[in-house]
1. Can you confirm whether region 42-56 contains a residue that is farther than 30 Å from residue 177 by Cα, in contact (Cβ under 8 Å) with a residue 12 or more places away in the chain and out of contact with any helix residue (DSSP H, G or I) (no Cβ under 9 Å at 6 or more places or on another chain)?
2. Here are 144, 150: which of them is closer than 16 Å to residue 102 by Cα, surrounded by 13 or more Cβ atoms within 10 Å (Cβ to Cβ) and modelled with pLDDT of 95 or more?
3. Does residue 126 satisfy being within 17 Å of residue 193 (Cα to Cα), touching a helix residue (DSSP H, G or I) at 6+ places or on another chain (Cβ under 6 Å) and without any contact (Cβ under 8 Å) to a residue 24 or more places away in the chain?
4. Residue 84 is checked against (1) at pLDDT 80 or above; (2) closer than 27 Å to residue 162 by Cβ; (3) in a helix (DSSP H, G or I) and fails just one. What number does that condition carry?
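The values are calculated or read from the model by the stated rules, or taken from the named source; none is laboratory data. These figures come from a predicted structure and were not determined experimentally. Cβ placement follows ideal geometry from the backbone for every residue including glycine, while neighbour counts extend to all protein chains displayed.
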């Protein structure tokens with residue numbers, strides 16, 4: 001099993017989160033200055049600054065130039081998933097989408113209905129046609145629609161909503177990432193096999209094929 005070691009900045013961020021959760025620092029409180037935090041956690045300036053940056057990005061802290069770093073009101077500034085995705089890096093959003101694709105493929109193979117299969121089949125046909133006609137934007141949209149149909153077929157509305165939210169932010173990035181439909185042409189057989197596995201209600205095979213698609 002792979003064990004991921006946290007960086008010093010991540011460890012500092014976690015400790016600060018724990019202290020805030022324990023009400024050592026309340027909303028509106030100012031954190032100690034950098035030298036004090038460095039001494040408190042036994043780390044360098046760069047680790048403290050990166051930890052603060054992580055917590056600012058998560059909405060837990062705010063930095064006021066010339067005044068210091070303050071604890072935010074978590075309820076007042078709570079972001080929706082869509083808002084968080086909007087300010088995320090495209091690569092990070094795509095990574096989330098890829099992880100979700102594994103689970104939705106597995107669950108779709110268990111719960112798909114005839115209506116779901118019809119929707120997937122139509123999207124897959126549009127994807128193939130657009131790829132062969134070299135219509136990149138139509139191909140990307142059909143590809144996303146195909147996987148969104150799988151998400152819907154998973155029977156888990158939370159998974160489906162998360163997938164739709166992530167996928168909705170990726171069309172423009174895909175247009176910059178791909179300059180032709182060749183990758184969509186070459187991966188069509190894999191997508192067809194994924195559809196077949198879902199139709200055959202084979203969760204293990206659906207997971208495996210979704211993984212192969214992600215590898216491309």
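1. No, the conditions are met nowhere in region 42-56.
2. On the way: 144 fails: modelled with pLDDT of 95 or more.
Answer to the check: 150.
3. Numbers: within 17 Å of residue 193 (Cα to Cα): yes; touching a helix residue (DSSP H, G or I) at 6+ places or on another chain (Cβ under 6 Å): yes; without any contact (Cβ under 8 Å) to a residue 24 or more places away in the chain: yes.
Criteria met by residue 126.
4. (1)
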